[in-house]
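Q: The structure under discussion is supplied below as structure tokens; questions concerning it will follow.
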Amino acid sequence: MTEIAEEFSTGTGNTRNVDARRHVPGEPSMWFFVIGDLIIFGVYFVSYMYYRGQDQDMFLQGHAKLNLNIGAVNTVVLVTSSLFVALGTAAARAGKAPDALRLFGIALACGAAFPLLKLFEYIPEITAGMTPGTNLFFMYYYVMTGMHLCHVLLGLVILCFVIRNLRGPAKPRISFVETGATYWHMVDIVWLVLFALLYLMR
Amino acid sequence: MKAYLRNPLTFVWALLTAVIVSSWAWLTALATDVRKATEETFATMGGAAHHLNTTITVVVLLAAAVKAQLVIWLFMEVRHAPTWLKATTSGWLVALFALLLGFYFAAQ
Amino acid sequence: MTTSVAANTKGQRILLWTVPPAGALFALAYFLFPVFSPPLSPTMTPEQVAAFFAENVTGILGVAILCNLIACSLVPLFAVTAVQISRTATSSSVFTYAYILCVGVGLTAFILADYCWGIAAFRPDRDPQLISLLNDMAWFFFIAPVGTIIVQNLCLAISIYLDARSDPIFPRWVAHFNIVIAALLIPSAFSILHKSGPLAFNGAVSFTLRLSVFAIYIVVMFVVLLGVVNRQGSEGEALA
Amino acid sequence: MTKSVAPASEPATTRSRPWRKSRKLDQWIAFWSVPFFFSVFGVVFVPLSWMMPPRSPSSPQAQIVDFMHSHNLLIACAVLILAFGLGPVSNAVYLMQIKRMSVSPVFRYTVMMGAITGTIVGMLFPLFCFGLGAFRPGYAPAILAMLYDFGYLAFIGSLGCFCIMWMAFGLAIILDKNSILPKWLGYYTVWQYVSELIAAPVWIAKSGPFAWNGLMTFWLAMTLFVSWQFIVYVCIFRAIKNQPDDELENAWLEPEPASTDTLPRASA
């Protein structure tokens, strides 16, 4: 309900002015989605930590089996992609549609690398017999990274639509660009936490 | 292109990447001996485990919180957003990491 | 535009006339089906059920195949009913949709019942436990469509009551009739609770009553729909 | 930008009429059947049969046999047989709102097909699985244990049909230009259906948070689903209420002055 009220108060404002105070980037209804999604992932993270405490040895053994290299490269890839999305959004707002198009293209390419790398991570693990049925750590690993992967794929589709919007003959809709960017950054944030929880912590 | 290099967002990105890469290098160096054992036993599920390490966990989780906050604040432009949005995202972040660390230490 | 409208009611009449042969085939299947004459009692043990299937393989398999072929042949009757529900002057298509969904769900249950009986008869030397299990599953699936038929009848009845036309699509007694039929079908849902007596699933009230009520319903609705479609004339509105 | 702020101007004509004369009576009957249906559903599953909250997938066989033999399961099945036909009515209420949107009919046909398959796997299957053990005595414990698994997995682990159905529903809301339902509800629906996917591990885990009675796969998914369902109904209530009289499908029948003889005679 507050979303509607906020939309009412901010939506009519000038969306092109980045320095305007109290500007909600993108559509407020997308923020409703993003915050809800962050909360659901949050519940997953916290329950993961709780069950980790029940059997630390099993989880520590699981951490050691993950491929830290691919995990780290994927993190850098997503953060880089996020940077280009942020730069692209700024360019689109400044009216430089060709620049924005190029930047979003790079972001899309980086984003597309993520599922590919993930594939190279999953396949050796599954063939080595580490499946969701192995133990609770791997169940969490596959469920959380799998859910995140679904979000990445959806995000790639959204980025394609943003690019089409920027390329189209009509003037690009900045609010749509911002909406797509917001979603993509959320995917990035979730991965940053996942990276720490699955690959880094001891 | 120079304008992009000088863009504050690029500095943020460089900072994020530096943190990621250094934690990667740090943990790789720490775990070299363990990893060797792990790769040998990759197929058999017995493999060596990491050791419980509170320092690593706290550093890594706090770094993740800072990274997430940077992305929210600067990439997502919540810095310019109305107060309710700032409060919601910060509240999420603080609550999440408080609970994560709380459950982590509750198990020790 | 006028030509397509004229073709509209012709199509409805063609489909409607596929119902009598379908009904005849269903009646044939009913009288040939060994499981129904008399219905197997729930007090039989799994071994007795398996023995019954072993003795009546040909009959059960024959009817299962026949029903497999004709299971959906009453669809045209329901489809024409759905078209006529969408023509009643209510504020939305909500009951048309509910009616169509109910038909889909109920028919699937009926087909699954037929499959279970067919699979049980396909290899009668199977473990008696499994034969009996398939037979019981079939009975459950066979009773389940009662729930959807009741809702279907209520959707039709409410649409008739709420039809705001000065010259209603359906005569009003059809609504009363549908409600009476729905009420008569209710006891058969409770048949699974009783092991013997008239309320058991092989008893007079729940088994014989249900099937005869349904048969009467199909005949009456066929005649009613013939009249309704004939009166539709050249008027045709798009439905859902 | 401000599309989701639906003009709440309620036509004055609907307010003055008694409910039995309401021109949207058909929609209201269908709408109010839904809470009734869900209460029956809840009573059957929880206090009557204790099928829900789900029993553990790793409970010992003797306990499973005891449960499968309980007479209340048969009563629950009988009530379900009578009530499950109302499931399609609740889906019809969604469908009607999608029909009013500015989107292609392909969305409502998708929801329609998803609703049929969803009703079959979600209601029909648990119904026969849980009824059979008590129906005929003499089944081997192994068979009862199989039915137990079948019932719970079919009920909690049915994923795809609902996903496609809610995806079409959510997309229709997001793409709609008539502001029938608020846009944030579309996004809410999208995460509801993504969270439906997370029930997949019930097919693997036999205990812990991802089993079919687990914290994540049952309790979290159920909390999300129930709150979503509730909010959707509130939104649909407002959508029906705010539908102007001249948009009704029987609007052609009755010009402005309401003459009594063309009004629906609710003789039931």
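Q: Output the number of the condition that A:VAL143 fails; it satisfies all remaining conditions of (1) among the aliphatic types (A, V, I, L, M); (2) over 30 Å from A:GLY53 (Cα atoms); (3) under 18 Å from the mean Cα position of the chain (by Cα).
A: Single failed check for A:VAL143: (2).
Residues are listed down the side, and each one gets a yes or a no for (1) under 30 Å from C:LEU130 (Cβ atoms); (2) at pLDDT below 90; (3) within 14 Å of chain A (Cβ to nearest Cβ); (4) part of a loop (DSSP other than H, G, I, E, B):
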| position | (1), (2), (3), (4) |
| --- | --- |
| D:ALA145 | yes, no, no, no |
| D:PHE155 | yes, yes, no, no |
| D:CYS163 | no, yes, yes, no |
| D:GLY170 | no, no, yes, no |
| D:LEU185 | no, no, yes, no |
| D:PRO201 | yes, yes, yes, no |
| D:ALA205 | yes, yes, yes, yes |
| D:TRP228 | no, no, yes, no |
| D:ARG238 | no, no, yes, no |
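Q: Could you grab the pairs with beta carbons closer than 7 Å, sequence gap of 6+ or different chains, first residue in region B:60-73 and farther than 15 Å from A:TRP184 by Cα and at the interface with chain A (Cβ under 7 Å from one of its Cβ atoms), second one assigned to a helix (DSSP H, G or I) and aromatic (Phe, Trp, Tyr)?
A: Listed pairs, sorted by first residue: B:LEU61/B:PHE97.
Q: Tell me, which residue of region A:135-189 that is farther than 24 Å from A:ILE40 by Cα and free of Cβ contacts under 8 Å to residues at least 12 places away in the same chain is surrounded by the fewest Cβ atoms within 10 Å (Cβ to Cβ)?
A: Filtering first and then ranking leaves A:PRO169.
Q: Could you tell me whether region D:47-63 includes any residue that is under 30 Å from C:VAL103 (Cβ atoms) and either at the interface with another protein chain (Cβ under 8 Å from one of its Cβ atoms) or part of a helix (DSSP H, G or I) (or both)?
A: Among the residues of region D:47-63, at least one is under 30 Å from C:VAL103 (Cβ atoms) and either at the interface with another protein chain (Cβ under 8 Å from one of its Cβ atoms) or part of a helix (DSSP H, G or I) (or both), which makes the answer yes.
Q: Would you confirm whether any residue within region D:95-106 is buried (at least 18 other Cβ atoms within 10 Å of the Cβ), touching a Ser or Thr at 6+ places or on another chain (Cβ under 6 Å) and within 11 Å of chain C (Cβ to nearest Cβ)?
A: Within region D:95-106 (the criterion being buried (at least 18 other Cβ atoms within 10 Å of the Cβ), touching a Ser or Thr at 6+ places or on another chain (Cβ under 6 Å) and within 11 Å of chain C (Cβ to nearest Cβ)), the answer is yes, since at least one residue qualifies.
Q: Of C:ALA144, C:ALA79, C:ALA71, C:ALA120, which residue is more than 13 Å from chain D (Cβ to nearest Cβ), of a type outside the set (Ser, Thr, Tyr) and crowded, with 23+ Cβ neighbours inside 10 Å? Show your work before the answer.
A: Working: C:ALA144 fails: more than 13 Å from chain D (Cβ to nearest Cβ); C:ALA79 fails: crowded, with 23+ Cβ neighbours inside 10 Å; C:ALA71 fails: crowded, with 23+ Cβ neighbours inside 10 Å.
Matching residue, one of C:ALA144, C:ALA79, C:ALA71, C:ALA120: C:ALA120.
Q: Now for a different question. Only residues in region B:96-108 that are within 18 Å of A:ILE40 (Cβ to Cβ) and in a loop (DSSP other than H, G, I, E, B) count as the first member; pair them with residues that are modelled with pLDDT of 95 or more and of a type in the set (S, T, N, Q), Cβ under 6 angstrom, at least 6 apart or cross-chain, and list the lot.
A: Going by the 6 Å Cβ cut-off, there are no qualifying pairs.
Q: Moving on. Mind listing just one residue for me: the one in region A:9-62 that is modelled with pLDDT of 90 or more and β-branched (Val, Ile, Thr) and, of those, surrounded by the most Cβ atoms within 10 Å (Cβ to Cβ)?
A: That would be A:VAL34.
Q: Quick check: anything in region A:121-140 part of a helix (DSSP H, G or I) and under 17 Å from the mean Cα position of the chain (by Cα)?
A: Taking every residue of region A:121-140 in turn, none turns out to be part of a helix (DSSP H, G or I) and under 17 Å from the mean Cα position of the chain (by Cα).
Q: What about B:THR88, is it more than 7 Å from chain A (Cβ to nearest Cβ) and either free of Cβ contacts under 8 Å to residues at least 40 places away in the same chain or hydrophobic (A, V, I, L, M, F, W, C) (or both)?
A: no
Q: If you check C:THR108 against the conditions, is it touching a Leu at 6+ places or on another chain (Cβ under 8 Å) and free of Cβ contacts under 8 Å to residues at least 12 places away in the same chain?
A: In short, yes.
The values are calculated or read from the model by the stated rules, or taken from the named source; none is laboratory data. Keep in mind the model is a prediction, meaning the values are calculated, not measured. Quick reminder, even Gly has a Cβ in these numbers, built from the backbone with ideal geometry, and neighbours come from all protein chains shown.
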